[in-house]
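Everything below concerns the one structure shown next.
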Amino acid sequence: MSYFTGKTIWITGASSGIGEALTTLLAKEGAKLVLSSRRETELRRVQQACGLSDDHCMILPLDLEHLDAVETLAKSVENRFGGIDILINNGGISQRSFAKDTPVEIDRRLMEVNFLGPVALTKAVLPGMITRKKGQIVVISSVSGKFGFYLRSTYAATKHALHGFFESLRMEVYNDQVKVLLVCPGRISTNIGVNALTGEDKQYKEADSYHAIGMAAEECAKQILEAIKEMKDEVIIGSTVERRAVFMKRIFPGLFSRMIRKQKIA
């Protein structure tokens, strides 16, 4: 029996990329899956592609920018499956615009989707986990949560904010037997660049050269599931270069600053 067999797992951003890859793997492991994103038709496609029956899958459309009904949605999941074992906060949106060209309205939208969305969803499921004295909160951050980069000022800010909040939460719920995992992917081959917001509040619609040569989403998902099983606090997923960059930023911040400025703007 797999670690995930029979567990109720709620995944946001499940209609593509890392979220879809996680869904595919967890379906094979016998988990009960709650799939959320804005696009219900795409969630249905993922459910069908994974061979998930309605008994083991709940489609729950959710826009992380509009969270008025999030507590009601969490209760609907608990009523259906009897409790949420693992919440994977994967949904989010990236950015491709210089800070000087980005209106505050776009900054606010990114913060609402990438930071306040996971926070609100976590607060909605946390009481049940604390009552049952078990549960895992998984947050898909980024190496951008460790250092900033060109065209991603607010995106990086949202990921830094996730670390501050969820590292604090981890300490607060330790005695309640609730685990918190922060996942920091580097370059992963997804459509994150295509769907990124520009300063004009439009989709970037271009594939990033960096992400095109990145790790496959399926491999990233495998490493995330291993980190969940091992009850890790944090995991960095990416190339040796990316892992070294995180280390260098922490140990040699001045040298790192000079090196990162020389990177290609993309």
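Each reported figure results from applying straightforward, stated rules to the coordinates on display, with no laboratory input. What you see is a predicted model, and the numbers here were worked out from it, not measured in a lab. Note that we place each Cβ from the backbone using ideal geometry, even for glycine, and neighbour counts take in every protein chain shown.
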Before rounding to the nearest 500, sum -39500 (n - 2.57) across all DSSP H runs of length at least 4 in the chain and divide by the residue total; then give [θ] at 222 nm in deg cm²/dmol.
-13500 deg cm²/dmol
What distance in nm separates the simple spin-label points at Glu219 and Met171, each placed 7 Å from Cα in the Cβ direction?
3.6 nm
Counting C-alpha atoms alone, how compact is the range 143-266: give Rg to one decimal and Dmax as a whole number, in angstrom.
15.7, 46
With T = 10 °C, eta = 1.306 mPa s and Kirkwood Rh from C-alpha pairs, the Stokes-Einstein D of the chain in µm²/s is about 85 µm²/s
In degrees, nearest 10, the alpha-carbon axis of helix 153-172 is tilted away from the dominant principal axis of the alpha carbons of the chain by 50 degrees
Could you sort the peptides 59-66, 26-33 by per-residue average Cβ neighbour count (10 Å cutoff), highest mean leading?
26-33, 59-66
What's the local net charge at Asp101, with K and R +1, D and E -1, over the other residues with C-beta under 12 Å away?
-1
Taking the highest mean first, how do the peptides 134-143, 229-238 order by number of other beta carbon atoms within 10 angstrom per residue?
134-143, 229-238
List the aspartates and glutamates whose alpha-carbon lies under 17 Å from that of Lys100, not counting same-chain residues fewer than 8 positions away?
Glu200, Asp201
Could you order peptides 39-47, 89-97, 144-152, 110-118 by the average number of other Cβ atoms within 10 Å of their residues, highest first?
89-97, 110-118, 144-152, 39-47
Taking a point 7 angstrom from the Cα of Thr131 along the C-beta vector, which residues in the range 1-39 have backbone N less than 18 Å away?
8-10
Roughly how many whole Å is it from the C-alpha centroid of the range 1-49 to that of the range 136-158?
23 Å
I'd like the orientation of helix 40-50 relative to the chain: the angle between its Cα long axis and the longest Cα principal axis, in ° from 0 to 90, rounded to 10.
70 degrees
Relative contact order (percent, whole number), the range 8-240, Cα cutoff 8 Å, 6+ residue spacing
20 percent
Could you work out how far helix 117-132 tilts from the main Cα principal axis of the chain, as a 0 to 90 degree angle to the nearest 10?
40 degrees
